[in-house]
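To start, the structure under review is shown below, and the notes come after it.
The values are calculated or read from the model by the stated rules, or taken from the named source; none is laboratory data. These numbers come from a predicted model, not from an experiment. Positions of Cβ are generated from backbone atoms using ideal geometry, with glycine treated the same way; all protein chains shown enter the neighbour counts. Quick note on the areas: whole protein, heavy atoms, side chains included, nothing else; ligands and nucleic acids left out. Shrake-Rupley method; radii C 1.70, N 1.55, O 1.52, S 1.80 Å.
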Amino acid sequence: QVQLVESGGGLVQPGGSLRLSCAASGIIYRSAAVAWYRQAPGKQRGLVASISRGGNTNYQDSVKGRFTVSRDNAKNTAYLQMNGLKPEDTAVYYCNVVGTSVWGQGTQVTVSS
């Protein structure tokens with residue numbers, strides 16, 4: 001059974017940084033593409049960033065230059081480094097194995113002064 005566990009969220013001031021982690025079990029991570037999504041209150045879940053099996057990355061326009069997605073296949077973990085955080089980045093962040101219905105439980109990110 002594939003399981004994903006996100007961690008690293010929290011409360012941060014505007015301009016601050018957080019690093020989210022997505023640890024996987026039950027899957028060989030290096031064989032999968034991984035995506036990060038977020039869902040703000042009252043809004044639909046939307047794609048933030050993704051990383052392919054080969055390490056190619058894609059980002060939503062609003063986070064380009066501020067967020068970096070990466071992976072450590074040896075640790076079966078993906079990361080989302082978030083710098084220059086803004087209040088509009090406030091959301092629950094989820095990771096997903098691309099092409100599957102496997103999601104983590106989410107981690108709350110709140111950007112506020």
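What to note about this one:
- Selection count, region 52-85, where residues are over 14 Å from R30 (Cβ atoms) and open to solvent by less than 40 Å² (accessible area, probe 1.4 Å): 9
- Pair list, Cβ < 8 Å and 6+ apart or interchain, from region 12-27 residues that are under 9 Å from A78 (Cβ atoms) and among the polar types (S, T, N, Q) to residues that are part of a loop (DSSP other than H, G, I, E, B) and at pLDDT 95 or above: S21/G8
- Of all the criteria given as (1) surrounded by 18 or more Cβ atoms within 10 Å (Cβ to Cβ); (2) in a loop (DSSP other than H, G, I, E, B); (3) not hydrophobic (A, V, I, L, M, F, W, C), the one not satisfied by Y94 is (2).
- Region 8-41, residues that are at positive phi and at pLDDT below 95: G26
- Within region 22-47, the residues that satisfy the criterion of being under 30 Å from S113 (Cβ atoms) and surrounded by fewer than 18 Cβ atoms within 10 Å (Cβ to Cβ) are Q39, A40, P41, G42, K43, Q44, R45, G46, L47.
- Of the set (1) assigned to a helix (DSSP H, G or I); (2) in contact with a Phe, Trp or Tyr (Cβ under 6 Å, 6 or more places away or on another chain), all apply to S62 but (2).
- Within region 65-91, being outside any loop (DSSP other than H, G, I, E, B), at pLDDT 95 or above and among the β-branched types (V, I, T) holds for T68, V69.
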